[in-house]
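Q: Handing you a structure now.
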Amino acid sequence: MLLKQKQAISKCSAWLMPLIHKLDRMYPMTNEQFRKIALSFPNAVESAHQGHPDFRVGGKIFATLGTPSENRGMVKLTSEQQVAWVKSNRIGFLPCNGAWGRQGCTYVDLAIANPSLVRSALQLAFEHVSSATSKKAKSDGVRSRTRQPKKQP
């Protein structure tokens with residue numbers, strides 16, 4: 001019985017997944033949806049940076065919204081993640097210009113990007129930045145314990 005149920009689900013997935021991806025393209029992501037997803041991560045907060053909204057964890061930006069145009073977001077990936085992401089998801093994802101782009105910052109065109117892929121990109125960006133901030137906090141704690149007092153003259 002269980003095998004038949006698994007086979008039925010597998011057959012259903014075979015025709016359902018392409019339909020879901022097609023619907024995602026028909027109904028592009030809005031700025032509000034991007035914001036809602038970004039703020040759904042633990043300890044994520046919205047702030048502002050150079051006149052547009054940004055999303056932070058541990059005081060560090062993992063995503064922005066509305067730059068350089070209204071229907072665009074940015075996710076902060078690692079350089080390696082960016083290369084793989086842009087190569088496999090060409091529609092709607094583009095490296096940012098200059099040094100920011102070389103460091104992994106990636107534009108997301110909300111009008112054409114697949115919403116489920118945008119969600120995944122936001123998740124990657126959040127994990128990348130939150131792990132970097134937790135590593136820095138740990139190393140700062142180690143430094144403060146091993147710091148020698150200054151010698152007084």
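The values are calculated or read from the model by the stated rules, or taken from the named source; none is laboratory data. Since this is a predicted model, take the numbers as computed values, not measurements. Positions of Cβ are generated from backbone atoms using ideal geometry, with glycine treated the same way; all protein chains shown enter the neighbour counts. Only protein heavy atoms, including side chains, enter the accessible area calculation; ligands, DNA and RNA are left aside. Shrake-Rupley method; radii C 1.70, N 1.55, O 1.52, S 1.80 Å.
Q: Tell me the residue from Ile37, Ile20, Ile112 that is surrounded by 10 or more Cβ atoms within 10 Å (Cβ to Cβ), in a helix (DSSP H, G or I) and either touching a Lys or Arg at 6+ places or on another chain (Cβ under 8 Å) or modelled with pLDDT of 85 or more (or both), please. So that I can check it myself, show each step before the final result.
A: On the way: Ile20 fails: either touching a Lys or Arg at 6+ places or on another chain (Cβ under 8 Å) or modelled with pLDDT of 85 or more (or both); Ile112 fails: in a helix (DSSP H, G or I).
Residue meeting the stated conditions: Ile37.
Q: Quick one: which of Arg90, Arg102, Arg56 is touching a Ser or Thr at 6+ places or on another chain (Cβ under 8 Å), more than 15 Å from Ala125 (Cβ to Cβ) and open to solvent by 50 Å² or more (accessible area, probe 1.4 Å)?
A: Values: Arg90 fails: touching a Ser or Thr at 6+ places or on another chain (Cβ under 8 Å); Arg56 fails: more than 15 Å from Ala125 (Cβ to Cβ).
Step by step, each of Arg90, Arg102, Arg56 is checked, and only Arg102 is touching a Ser or Thr at 6+ places or on another chain (Cβ under 8 Å), more than 15 Å from Ala125 (Cβ to Cβ) and open to solvent by 50 Å² or more (accessible area, probe 1.4 Å).
Q: Next question, about the same structure. Could you run through the range 83-104 and say how many residues are in contact (Cβ under 8 Å) with a residue 12 or more places away in the chain and either within 19 Å of Thr133 (Cβ to Cβ) or β-branched (Val, Ile, Thr) (or both)?
A: Total satisfying the criteria: 4.
Q: Still on this structure: Within the set of pairs 6 or more residues apart or between chains, which connect a residue that is in contact (Cβ under 8 Å) with a residue 12 or more places away in the chain inside the range 28-41 to a residue that is of a type in the set (Gly, Ala, Ser) and surrounded by 19 or more Cβ atoms within 10 Å (Cβ to Cβ) with Cβ atoms less than 7 Å apart?
A: Every condition considered, the pairs that remain are Met29/Ala113; Phe34/Gly73; Ala38/Ala44; Ala38/Ala63.
Q: Also, I was wondering about something else. Tell me, please, whether a residue that is part of a helix (DSSP H, G or I), among the aromatic types (Phe, Trp, Tyr) and more than 16 Å from Pro28 (Cβ to Cβ) can be found in the range 75-92.
A: Of the residues in the range 75-92, the ones part of a helix (DSSP H, G or I) are 79-88.
The next check asks that each one be among the aromatic types (Phe, Trp, Tyr); those that pass are 85.
Filter again for more than 16 Å from Pro28 (Cβ to Cβ), leaving 85.
Yes, some residue in the range 75-92 is part of a helix (DSSP H, G or I), among the aromatic types (Phe, Trp, Tyr) and more than 16 Å from Pro28 (Cβ to Cβ).
Q: Scan (1) polar (S, T, N, Q); (2) at pLDDT 55 or above; (3) assigned to a loop (DSSP other than H, G, I, E, B) for the single condition Ser130 breaks and write down its number.
A: Looking at each condition in turn, Ser130 falls short on (3).
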